[in-house]
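The values are calculated or read from the model by the stated rules, or taken from the named source; none is laboratory data. Please read all numbers here as calculations on a predicted model, not as lab measurements. Cβ placement follows ideal geometry from the backbone for every residue including glycine, while neighbour counts extend to all protein chains displayed.
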Amino acid sequence: MRRSHEAGFTLVEMLVAITILAILLVVATLAIPNHDERYWKDNLDQLVGSLNMAQEESALSGTPMLVQIDALGWRFVPATGAASNTPANTMITIGSMSSNPAGSQQSVVGTSGLMPDVYRPQAWHKPVVIEPVQLTLGGETITTALQIPLAQEQRKALLIRSSNGRFSWANGVVP
């Protein structure tokens, strides 16, 4: 027969159980990957890869290609009409580009046929803060580097077009 003062848990037992539970929750929280960070980096890698491939294909084929990058995503469009008469090393528009839904533009398929999906319109995983940009890619001579700041929640990056025409990105760096 148990006495009433011996029933239940002691304060020490309860504190030990709470401490063990807290440690397990901390370990579980640290073990959960940050998917948003991975998606952010994957989006930037995909954008840079697409830009570099379009730059190379345009240079090889001699046909300029336009790329539009905005808060919705990025898309490649054929450089036809008045835009194709613009010198290839200039930006067509910055800031006032209309934001067309990704599916509303005619898609561009590379002449090599190696990676046609690289020119599909792409959307950011989460909304991005960027000044809308439209660039002409091709066999141009680039004299100045271009830097385009991007931000998504607390993450920041800089899309860089070097003087040799190659694109890259730097994480957490915004001038």
Show the residue pairs meeting these rules: Cβ distance below 9 Å; 6+ apart or different chains; first residue within the stretch 148-161 and among the polar types (S, T, N, Q); second residue surrounded by fewer than 16 Cβ atoms within 10 Å (Cβ to Cβ). Q152/D36; Q152/H125; Q152/K126; Q152/P127; Q152/V129
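Residues checked against (1) on the phi > 0 side of the Ramachandran plot; (2) modelled with pLDDT of 50 or more; (3) not in a strand (DSSP E or B):
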{"position": "I92", "(1), (2), (3)": "no, no, no"}
{"position": "Q106", "(1), (2), (3)": "no, no, yes"}
{"position": "T111", "(1), (2), (3)": "no, no, yes"}
{"position": "Q147", "(1), (2), (3)": "no, yes, no"}
{"position": "I160", "(1), (2), (3)": "no, yes, no"}
{"position": "G165", "(1), (2), (3)": "yes, yes, yes"}
{"position": "W169", "(1), (2), (3)": "no, yes, no"}
Of the conditions (1) more than 19 Å from P132 (Cβ to Cβ); (2) assigned to a helix (DSSP H, G or I); (3) of a type in the set (S, T, Y); (4) touching a residue at least 60 places away in the same chain (Cβ under 8 Å), the single one that S50 does not satisfy is (1)
Please go through (1) of a type in the set (V, I, T); (2) more than 28 Å from N164 (Cα to Cα); (3) in contact with a strand residue (DSSP E or B) (Cβ under 9 Å, 6 or more places away or on another chain) for V27 and return the number of the only condition it doesn't satisfy. (3)
Please go through the stretch 45-78 and give me each residue that is within 16 Å of T136 (Cβ to Cβ), of a type in the set (D, E, K, R) and surrounded by fewer than 19 Cβ atoms within 10 Å (Cβ to Cβ), ordered by number. E56
Inspect the stretch 1-20 for any residue being under 30 Å from R75 (Cα atoms), assigned to a helix (DSSP H, G or I), at pLDDT below 95 and of a type outside the set (S, T, N, Q) and give the result as yes or no. no
